[in-house]
1. Taking only the alpha carbons of the stretch 136-294, what extent do you get along each of the three principal axes, in Å, biggest first?
2. Return one whole number: the accessible area per residue of the stretch 265-419 in Å², for a 1.4 Å probe.
3. Considering the Cα trace of the chain, what is its radius of gyration and what is Dmax, both in angstroms?
4. Is there a quick way to get the dipole size of the chain? I mean about its Cα centre, with the Cβ of Lys and Arg at +1 and of Asp and Glu at -1; what is the value in debye to the nearest 20?
5. Tell me the relative contact order for the chain as a rounded percent, counting alpha carbon contacts under 8 Å between residues six or more apart.
6. Under a crude label model (7 Å from the Cα following the beta-carbon direction), how far is residue 104 from residue 142 in nanometres?
7. Farthest toward the dipole's positive end in the chain, which of 434, 141, 257, given Cβ charges of +1 (Lys, Arg) and -1 (Asp, Glu) about the Cα centre?
8. Please work through the chain and write down the cysteines that have no neighbouring cysteine Cβ at a distance under 4.7 Å.
Amino acid sequence: MDYDLFVIGAGSGGVRASRIAAGHGARVAVAEEYRVGGTCVIRGCVPKKLLVYGAHFAEDLVDARRFGWQLSGKAFDWATLRDNVLAEVDRLNGIYQTTLDSNKVTTFHGHATLVDTNTVEINGERVTAKHILIATGARPLVPALPGAELGITSNEVFHLDKLPRKIVIAGGGYIANEFAGIFHELGVDVTLINRGDTLLRSWEPALRERLLMISMQKGIKFQFNCKMQSLEKTESGVRVHLADADPVDADLFLWAVGRRPNVEGLGLEAAGVELDERGAVRVDADSRTNVPNIYAVGDVTDRIQLTPIAIREGHSVADRLFGDKQWRVDYNCVPSAVFSNPPLGSVGMTEAEAKNNFGTVRVFTSDFRPMRNVLAGRNERALYKLVVDAASDRVVGAHMIGPDAPEVLQAVAIAIKAGLTKAQFDDTVALHPTMSEELVLMR
Ligand code: NDP
């Protein structure tokens with residue numbers, strides 16, 4: 001065999017697996033057809049978060065006046081933000097490549113296809129490997145509608161020549177709400193069109209309602225229960241045809257209706273690798289496919305589509321195969337955030353989930369106006385919610401919306417993962433004045 005491990009896809013999961021396996025002494029190669037770093041670094045979490053920072057200056061500059069700052073000549077230049085973000089992406093791409101190189105992982109730049117269970121073909125070259133790891137990620141779903149190709153996806157959104165005057169965003173999930181916030185703050189007229197009547201379906205309802213209320217207050221428009229029929233090119237952009245509603249015109253249309261595993265063109269059939277009913281690579285708790293020497297991690301397995309999960313899955317596979325360390329990823333209490341404006345953070349069970357699990361729960365909420373918003377004259381309230389199992393007093397869920405909610409949430413996730421009780425939260429002295437002190441003051 002040429003390699004001990006051949007990894008297909010150099011994103012979060014693939015790079016971590018490669019580095020750890022090489023560190024254990026394995027001979028490792030990784031194939032990447034686009035750019036090393038994957039969705040998160042190249043066209044996802046990282047550039048998105050930088051755009052969130054960039055966009056938020058719009059409100060900060062408005063609020064600044066109430067804090068005594070007289071600012072003149074407030075002008076925004078999209079090209080500057082875009083190019084600085086893309087330059088940062090280039091820097092990170094370089095760091096990822098250096099990580100692979102310095103760990104003596106061979107990088108193949110090209111599309112890899114499985115020929116059989118131990119052979120991979122890249123750019124016409126065949127190499128053999130004892131183990132294979134599929135870490136090809138996912139891509140934005142574009143529904144098969146007439147004119148669907150007139151819309152862009154999150155892949156293209158970071159490269160816009162100029163900002164649109166008006167954007168329609170399809171979907172009501174993570175990406176739709178995050179980009180609704182970004183574009184709106186950058187002065188774009190935003191309409192979000194959702195097929196159902198619920199944003200962020202799996203989230204705690206109180207937070208979803210608060211986000212919707214604040215987003216509408218800011219001026220983001222929403223159309224719910226709207227079935228999209230087709231997109232049509234117009235002189236200035238695109239016309240969206242809807243069932244049972246008037247068409248909507250926009251300069252730009254963004255698909256944000258979910259992501260699908262990248263399983264096509266990989267030769268999975270040739271190797272006999274099975275997919276599940278959702279079209280993802282089927283794996284067991286050790287990330288092993290039905291073919292004993294082939295593993296899969298990250299979004300291509302569609303377990304939880306989050307970078308830190310892919311990283312852990314990749315790490316666990318490498319440790320298991322080459323480090324003689326047998327551990328499994330624990331999917332319990334995975335924190336999650338939506339970087340909307342304001343952002344949301346959540347860990348553990350919603351109130352409804354806890355009721356189903358425990359029968360009786362106690363719920364504590366803090367609905368408050370952050371002091372910064374008070375002075376700024378900004379009528380936006382934060383909402384924190386703790387869900388407690390009544391029998392054991394354990395806090396089993398924390399859900400929050402408000403400034404920096406994801407930062408606060410990561411810390412509280414430790415307490416919840418550790419199984420701390422509400423009494424232990426209450427025993428903790430508040431850190432005043434902060435927003436997170438609300439977590440220990442809910443009675
Ligand atoms: P989500 O799964 O979050 O949301 C998809 C949305 O699109 C839902 O509102 C869904 O409606 C709707 N939808 C699904 N299919 C269709 C369809 N065929 N036509 C019209 N609407 C449809 O997807 P995203 O694309 O926003 O994000 C994908 C995943 O990436 C997330 O689930 C998350 O795991 C990850 N992600 C994480 C981020 C973070 O951690 N901050 C940021 C971005 C992405 P319905 O509710 O009715 O199903």
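The values are calculated or read from the model by the stated rules, or taken from the named source; none is laboratory data. This one's a predicted model, so the numbers in the text were calculated from it and none came from an experiment. No Cβ is skipped: glycine too gets one built from the backbone with ideal geometry, and neighbour counts run over all protein chains shown. Heads up: the accessible areas ignore ligands, DNA and RNA and are worked out on the full protein's heavy atoms, side chains in. Shrake-Rupley method; radii C 1.70, N 1.55, O 1.52, S 1.80 Å.
1. 53, 40, 32
2. Details: 6650 Å² over 155 residues.
Ligands and nucleic acids excluded, the figure is 43 Å² per residue.
3. Gyration radius and largest Cα-Cα distance of the chain: 23.4, 69 Å.
4. Working: 49 positive and 55 negative charges, 156 e Å.
The calculation lands at about 740 debye.
5. Values: 909 pairs, mean separation 70.5, N = 443.
In percent, rounded to a whole number, it is 16.
6. Inter-label distance under the simple model: 4.3 nm.
7. So the residue we want is 434.
8. 226, 333
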